[in-house]
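Inspection log for the structure reproduced underneath, given as structure tokens.
The values are calculated or read from the model by the stated rules, or taken from the named source; none is laboratory data. Please read these numbers as outputs of a predicted model, since none were measured by experiment. Ideal geometry is used to build each Cβ from the backbone, glycine not excepted, and the neighbour counts take in all protein chains shown. Accessible surface is based on the protein model in full, side chains and every heavy atom, while ligands, DNA and RNA are left aside. Shrake-Rupley method; radii C 1.70, N 1.55, O 1.52, S 1.80 Å.
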Amino acid sequence: MKKLLLTIMSAMLLTSVSAQNGYTITGTAEGTEKGDTIFLCEMQGWFSMVPIDTAIVKKGKFEFTGNFDGCAHRYLLAIHKGDAICTAAILLENAPINVQIFKDEKKNIIVGGPSTRLWDEYERGAKEFDDRMAADWAVCLDTTVAEKDKIKERLVVSTYSADRTNYTKRFMLQHVGTPVADYLLQSVFREFPEKEQEQLLELFGQQKNQYYVYKGMMKERAAEAATGVGAMYTDFSMPDPNGKVISISDYVGKNKYTLVDFWASWCGPCRAEMPTVVKAYDLYHAKGFEVVGVSLDNNKPAWVKAIDQLKMPWPQMSDIKGWACEGAALYNVKAIPANVLIDQQGKIVAKNLRGEDLLNKMAELLK
């Protein structure tokens, strides 16, 4: 794989697929009538469809228009009299997309653009590996099979899985510069050694057209570099529970150390961690330790209720945007709980201190 990557980098840059001026999704859905709703959805979490756009059936047809920076799977959900009656999976891309949706999903007809055709090519190749694994997976899941035999089959499955991953890598590298290669990047990037990850990003950065996965990775890297230990903190402002806009800078210069604590009322691990943060606050607040809570809630009453339940006496802020929280994005927060410890001069001295690590760090700093 390393040889393939270096060969592609040194020999050529593949021609990029020129982006269309947005997408248009047109189609029909079996069982719908005038005025029925079609949702364009994104899959989030554990098979949860979240609507991102809505169309109304007119003269038996529906239509969506928009712009998407790359390609990704999205889902069309047809609603008739309040019930979901049929669905279709599409590859969203900046191209004309025509869809015929049936109650029997196997009958769905989807005609997309160049990314859809390239994705179909990728899946035909991937299916060969999936088919090879199927029989061995069945043995692994069979409760009547002896454990020693399952071990052998798991090793076989692992080999097939590695072959499939390498196939995905090769396909991606053979089509660098296309939205499909960008989409595959997110699934295999961490399968490359660290040095080759850098080469891979360099290769994608040299392409004429760049898409959302690559650009998102570079944005995350920039945020991580700007907010790493030793860097100066990045200020941001949000409303507190009373609607007053407060800033991190309101506290950093006034305290020896300020912990910016990212959490949410719906986050179980955050709630489990909070007694330790409260303990650290109680022990060290009088010595110059402050906490500023930044909530990734999207429900203000739930946020305010949790502040009271968890007995957090320190300042709190939130833009009530959930995972789209702008402060969390500035610090490249991808999971919570997360925190950043800042000294009085504004330098980040530690990140993601959990449990005893937080108590020990504060004991060390505020002897």
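A few notes on this one:
- Exposure of Thr234 as accessible area (Å², to 10), given a probe of 1.4 Å and all protein chains: 40 Å²
- Cβ distances below 4.7 Å define possible disulfide partners, and in the chain the cysteines left without one are Cys41, Cys71, Cys86, Cys140, Cys325.
- Principal-axis analysis of the Cα atoms of the chain puts helix 2-11 at an angle of about 80° to the longest axis.
- Accessible surface of Phe62 - all protein chains present, 1.4 Å probe, nearest 10 Å²: 10 Å²
- Rounded percent of accessible protein surface that carbon and sulfur make up, the chain, 1.4 Å probe: 52 percent
- Modelled this way, with points 7 Å down the Cα-to-C-beta line, the labels at Glu194 and Ala135 are 4.2 nm from one another.
- Paired Rg and Dmax values of the stretch 22-119, which use every Cα atom, in angstrom: 12.5, 37
- Helix 300-309 axis, angle to the chain major axis (alpha carbon atoms, nearest 10°): 40 degrees
- Considering only GluC sites (Glu not before Pro) in DSSP loops that have at most 16 other Cβ atoms within 10 Å, the longest stretch of the chain without any of them is 34-367.
- Looking at the chain, the pairs of alpha carbons with a distance over 35 Å make up 46% of the total.
- Were the residues from Leu155 through Glu42 laid out at 0.36 nm apart, the gain over their Cα-Cα distance would be 37.2 nm.
- Per-residue 3J(HN,Hα) values for the stretch 123-128, derived from phi via the Karplus relation 6.51 cos²θ - 1.76 cosθ + 1.60 with θ = phi - 60°, read 5, 4, x, 5, 4, 4 Hz in sequence order (x marks Gly and Pro).
- Rounded to the nearest whole Hz, the Karplus-based 3J(HN,Hα) values (6.51 cos²θ - 1.76 cosθ + 1.60, θ = phi - 60°) of the stretch 332-343 follow the sequence 6, 7, 10, 8, 10, x, 8, 8, 9, 9, 10, 8, with x at glycine and proline.
- With contributions of -39500 (n - 2.57) from each DSSP H run of at least four residues, the per-residue ellipticity at 222 nm computed over the chain stands at -13000 deg cm²/dmol.
- Accessible area of the stretch 127-171 divided out per residue, in Å², using a probe of 1.4 angstrom: 65 Å²
- Looking at the stretch 288-322, the trypsin sites (Lys or Arg not before Pro) that sit in a DSSP loop and have at most 12 other Cβ atoms within 10 Å of their own Cβ are Lys311.
- Computed lengthening from Ala222 to Asn21, 0.36 nm per intervening residue step minus Cα-Cα distance: 69.5 nm
- Cα gyration tensor shape of the stretch 256-367, rounded if a/c is under 1.5, else prolate or oblate by comparing a/b with b/c: prolate
- Nearest-10 value in Å² for the accessible area of Ile320, using the 1.4 Å probe: 50 Å²
- Anisotropy class of the stretch 93-140 from Cα gyration tensor, a/c 1.5 cut: oblate
- Stretched out straight at 0.36 nm per residue, the stretch from Ser187 to Thr65 would grow longer than its current Cα-Cα span by 41.2 nm.
- The stretch 203-290 - accessible surface per residue (Å², probe 1.4 Å): 49 Å²
- Other residues with beta-carbon under 12 Å from the beta-carbon of Val145 carry, at +1 per Lys or Arg and -1 per Asp or Glu, a net charge of -1.
- Each label point was placed 7 Å from the Cα along the Cα-to-Cβ direction; for Asp83 and Asp142 their separation is 4.0 nm.
- Panel values: the stretch 114-209, Kirkwood radius from alpha carbon pairs, Stokes-Einstein at 10 °C and 1.306 mPa s, translational diffusion coefficient 105 µm²/s.
- Inter-label distance, nm, simple model (7 Å from Cα along the C-beta direction), Ile56/Lys127: 4.0 nm
- Spherically averaged projected area of the stretch 312-353 from its Cα convex hull (nm²): 3.8 nm²
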